[in-house]
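A.B. asks: This structure is in structure tokens; I'll ask about it shortly.
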Amino acid sequence: MDEARKDEDQRLVARTQEGDAGAFDDLVVKYTPRLYGLVYNMTSNHEDTNDLLQDIFAKAYKAIRGFRGKSSFYTWIHSIAVNMTLNFLKKRSRRYSLSLDDVDASIQNDKEFIEATASSSPVREADLSELQKRLNEAMMKLSDEHRAVVTMFHIQGMPHAEISKILNVSEGTVRSRLFYANRQLQNYLDEFRKNPVT
């Protein structure tokens, strides 16, 4: 994380702690895209993601007076987001088993993805659509903890050290969870490659 971003965050946190609600709004605007991506890739549901983001920022706002800067604001807000999302997923799985039909196939509705593949053949489009569906299914088969690590590392591009701070586990645990999750995803997608849609 670059120092300029860290300094800017520290200034905004200090102003928020002094009662400047506008400074917190700036933090919300700054961190919403990253946190949205993180939470969405863990829940696979836009509505749940929007609800969770509101709760995450509400909790952060209430707790920010106690933030002492032992970690960066970036790590702190991501820790809140991951923990609240994991708690939500535990409650959700107890409430009902998520049907894979409920999982948003986000890439299939992504304008840029559709434009990028528009010139491809119908067979290729069907294969890509099926691969994305299989990838979504494979992600949903991972445990919540493994999905969190895959999301932070592969989708958000966070280094092992940052993930370890956010989850409050060792870097070795992060690597081991990633290894296990990657192997599970690979096995699932190998099945798809052996038995493609014809």
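A.B. asks: Of the residues that make up segment 48-58, is at least one over 23 Å from Phe153 (Cβ atoms), surrounded by 12 or more Cβ atoms within 10 Å (Cβ to Cβ), within 18 Å of the chain's Cα centre (by Cα) and among the hydrophobic types (A, V, I, L, M, F, W, C)?
C.D. replies: Here is the first cut: in segment 48-58, the residues over 23 Å from Phe153 (Cβ atoms) are 50-51, 54-55, 57-58.
This time we only want the ones that are surrounded by 12 or more Cβ atoms within 10 Å (Cβ to Cβ), so: 50-51, 55, 57.
In the following step, the residues that additionally are within 18 Å of the chain's Cα centre (by Cα) were identified as 50-51, 55, 57.
After this cut, where a residue has to be among the hydrophobic types (A, V, I, L, M, F, W, C) as well, the list is 57.
Yes, that holds for at least one residue.
A.B. asks: Checking the condition out of contact with any strand residue (DSSP E or B) (no Cβ under 9 Å at 6 or more places or on another chain), closer than 16 Å to Asn45 by Cβ and modelled with pLDDT of 85 or more, which residue from Arg177, Arg147 passes? It would help to see each step written out before you state the result.
C.D. replies: On the way: Arg177 fails: closer than 16 Å to Asn45 by Cβ.
When all the criteria are applied, what remains is Arg147.
A.B. asks: Oh, and also: Six or more apart or on different chains, Cβ atoms under 8 Å: show the pairs whose first residue is in segment 4-19 and assigned by TED's automatic domain parsing to the domain that holds Tyr74 and farther than 12 Å from Phe67 by Cα and whose second is modelled with pLDDT under 95 and acidic (Asp, Glu).
C.D. replies: Nothing qualifies.
A.B. asks: Checking Ala81 against (1) assigned to a helix (DSSP H, G or I); (2) more than 23 Å from Thr151 (Cα to Cα), only one condition comes out false. Which one?
C.D. replies: Going through (1) assigned to a helix (DSSP H, G or I); (2) more than 23 Å from Thr151 (Cα to Cα) one by one, Ala81 breaks only (2).
A.B. asks: Which numbered condition in (1) surrounded by fewer than 20 Cβ atoms within 10 Å (Cβ to Cβ); (2) assigned to a helix (DSSP H, G or I) is the only one that Ser71 fails?
C.D. replies: Unmet for Ser71, out of (1) surrounded by fewer than 20 Cβ atoms within 10 Å (Cβ to Cβ); (2) assigned to a helix (DSSP H, G or I): (2).
A.B. asks: Which one of these does Ala116 not meet: (1) assigned to a loop (DSSP other than H, G, I, E, B); (2) modelled with pLDDT under 70?
C.D. replies: (1)
A.B. asks: Then there is this: For segment 185-193, does any single residue satisfy the condition of being part of a helix (DSSP H, G or I), surrounded by fewer than 16 Cβ atoms within 10 Å (Cβ to Cβ), modelled with pLDDT under 75 and not aromatic (Phe, Trp, Tyr)?
C.D. replies: Yes, segment 185-193 contains at least one residue that is part of a helix (DSSP H, G or I), surrounded by fewer than 16 Cβ atoms within 10 Å (Cβ to Cβ), modelled with pLDDT under 75 and not aromatic (Phe, Trp, Tyr).
A.B. asks: Of the residues Ala126, Ala138, which single one is aliphatic (A, V, I, L, M), buried (at least 16 other Cβ atoms within 10 Å of the Cβ) and either in a helix (DSSP H, G or I) or modelled with pLDDT under 90 (or both)?
C.D. replies: Numbers: Ala126 fails: buried (at least 16 other Cβ atoms within 10 Å of the Cβ).
Residue meeting the stated conditions: Ala138.
The values are calculated or read from the model by the stated rules, or taken from the named source; none is laboratory data. As the structure is a computational prediction, the values presented were derived from the model and not from experiment. Don't worry about glycine lacking a Cβ; one is built from the backbone with ideal geometry, like all the others, and counts go over all protein chains shown.
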